[in-house]
Amino acid sequence: MDILNKFDNGEFAFSKDDIKADFKLLTRALDASYSGIIITDNLLPDNPIIYCNEAFEKMSGYRRSEIIGHNCRFLQGADRSQRARAIIREAVANGEVCTVDIRNYRKNGDLFWNELFISPIVGDDGKVTNFIGVQNDITRRKKSEQDLRAQKDLMEKQVLERTKDLKESQEFLYSIIQTVRESLIVIDPDFKVVSANDHFLKTFKVSLEETVGTGLYELGNHQWDIPQLRKLLTDILPTNNPVEDFEVEHDFPHIGRKLMLLNAHRIELEGQYKDQILLAIEDITERREIERRKDDFLSIASHELKTPLTTIKGYVQAMERMVPKDSGARFLGFLSKTAKYLDRLNNLIAELLDVSRIQTGNLKLHKVPFDFDKMVKETVEAIQTATQNHNIIIEGFSGVQVPADESHIAQVLTNLLSNAIKYAPESGQVHVYISKVSNYVKLSVTDSGIGISPEDQKKIFERFYRAGDIQQRFPGMGIGLYICEQIIKNHDGTLWVESEKEKGSTFSFTLPIQAKEDNEQ
Ligand code: ADP
């Protein structure tokens, strides 16, 4: 009122209306502010709010009429024990400026983070008459900060867990490496040993100290300085070609002459392990010796069996010729069954003998040109007479003479046909396709039988291998295809299989029409 009287008395150079206009403008400016603004009267008891702008109403959710006259603390609801409150209290008591982030609550109870700036207004007498509070809702910023912190905590936790996992898997790997019954060493690009497992140290009777850091070729009295190994390892790093199943026979100090199987791979890890070579060394001396003994046994056993069998066959043939006229049907039946089973036994032993001949490189082939189509026809006829349930159909022809060992090629075809019949008991037909492809004859035997899985297809040409699921259902020794492949290989041809489980199989082979010497001319 004092001021207004002063206006009335004309003590000011500007009018009351001027002041009112300015006041209105200022109020509008304050209302236009994005920040919430309040003014408190410090001279009144409990420092009540005497002004708030629209932004503050919006921010707090209260109407002006619910704000004016209250102390600011109503914004904190029951959340009283905040450190920010003590800072405000002290600033108000000392009439100082302060900035705090404080938790406030809207009328509907929602929390919002208030960045509050308080500044005192000092009157002419030096006393603080008012406080101005400027507030910004920083809830979103706070939330992002909290999210970021939570994310950081989570990441730290994950890093800790990963480190733990890594350590565990490293320990796990280490224990595997130490337990395997294979010697393992890692060498660097200069062929110096980086690490070696227990098995290596024990086998070659060397200590870890004298091994790690030493060049592979200097190791243990130069026992690994083997020219072939040097060449292989030198090739690995630049070409990235692994060494697979490389056999080294060598006189090792302490352990004597041994046959070692070496496998070497470049270690392909990013960073520090790159360009190192993992060398796995397996002592196969004993295994090879056992295999050799098994082959020897098979060879001796089949030879030993062959001799009495030939004699028995002679006697049976003699008996067949000497059959008395009045012999009963039973006697004749027994005699023909004996002859039949004797033939089967003879074939089995002949196969075993073939295996040992192949093993020792003694498979003798007499390559004389013969009529391929005629050989196929005769072989098929011989098999057809012995089988009632299957019809063997020949398609195509080659019209050529093949310079090969006829009886061995017929043996291959017999084997493929017998398998096609044996492994397709439910189907009635076996197809034989003959064709001439470039300067080769090609023959395929197709059945619609049990088929062969892709894994088994890779192994059926190995000695004594039989597909796992047929062992009980079909008799056999697993050597027929091995012999077939060796025979075809020895004629410079190829034998292969295409098959689908439950659908059937096609075994095909090719043979050159001209002898090798002619081919090369
Ligand atoms: P065997 O028939 O005496 O077992 P083979 O060497 O002739 O020996 O054949 C090897 C294996 O290949 C067989 O045990 C069988 O699992 C598979 N096999 C060969 N021919 C066929 C075929 N026509 N259909 C399905 N499986 C076959």
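The values are calculated or read from the model by the stated rules, or taken from the named source; none is laboratory data. This structure is a prediction, so every number in the text was calculated from the model and none was measured. Cβ sites come from the backbone with ideal geometry, for glycine too, and all protein chains shown count toward neighbours. Note: accessible area is taken over every heavy atom of the protein model, side chains too, but ligands, DNA and RNA are not part of it. Shrake-Rupley method; radii C 1.70, N 1.55, O 1.52, S 1.80 Å.
Table for the structure above
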item	result
Some residue of segment 335-358 being more than 30 Å from PHE464 (Cα to Cα) and outside the structural domain of TYR482 (by TED's automatic domain parsing)	yes
THR506 being more than 9 Å from the ligand (Cβ to nearest atom) and either touching an Asp or Glu at 6+ places or on another chain (Cβ under 7 Å) or in the same structural domain as LYS436 (by TED's automatic domain parsing) (or both)	no
Total residues in segment 338-372, condition among the β-branched types (Val, Ile, Thr), loosely packed, with under 13 Cβ neighbours inside 10 Å and closer than 20 Å to GLY478 by Cα	1
Helices (runs of 4 or more DSSP H) within segment 103-221 that include 3 or more residues among the β-branched types (Val, Ile, Thr), under 20 Å from LEU278 (Cα atoms) and without any contact (Cβ under 8 Å) to a residue 60 or more places away in the chain	139-179
Flag if SER499 is open to solvent by less than 20 Å² (accessible area, probe 1.4 Å), within 8 Å of the ligand (Cβ to nearest atom) and in a strand (DSSP E or B)	no
Residue under evaluation PHE464, criteria (1) within 11 Å of the ligand (Cβ to nearest atom); (2) open to solvent by 30 Å² or more (accessible area, probe 1.4 Å); (3) in contact with a Ser or Thr (Cβ under 9 Å, 6 or more places away or on another chain), criterion not met	(3)
Residue count, segment 472-491 (criterion: more than 8 Å from the ligand (Cβ to nearest atom) and open to solvent by 70 Å² or more (accessible area, probe 1.4 Å))	4
Listing of strands (runs of 3 or more DSSP E) fully contained in segment 373-441 that carry 3 or more residues being touching a residue at least 24 places away in the same chain (Cβ under 8 Å), within 16 Å of the ligand (Cβ to nearest atom) and open to solvent by 20 Å² or more (accessible area, probe 1.4 Å)	429-437
Of all residues in segment 86-101 being in a helix (DSSP H, G or I) and open to solvent by less than 90 Å² (accessible area, probe 1.4 Å), the one that is nearest to ASN136 (Cα to Cα)	ILE88
Selected residue (criterion: surrounded by the fewest Cβ atoms within 10 Å (Cβ to Cβ)) from residues of segment 246-272 that are within 20 Å of the chain's Cα centre (by Cα) and at pLDDT below 80	GLU270
Test for VAL445: is it within 12 Å of the ligand (Cβ to nearest atom) and in a strand (DSSP E or B)	yes
Contacts under 8 angstrom Cβ, first residue in segment 241-257 being more than 17 Å from LEU278 (Cα to Cα) and part of a loop (DSSP other than H, G, I, E, B), partner at pLDDT below 85 and of a type in the set (Gly, Ala, Ser), 6 or more apart	PRO253/GLY220; HIS254/GLY220
Selection count, segment 226-245, where residues are open to solvent by less than 40 Å² (accessible area, probe 1.4 Å) and in contact with a helix residue (DSSP H, G or I) (Cβ under 7 Å, 6 or more places away or on another chain)	1
Residue check for GLN457: more than 8 Å from the ligand (Cβ to nearest atom) and either among the hydroxyl-bearing types (Ser, Thr, Tyr) or modelled with pLDDT under 90 (or both)	no
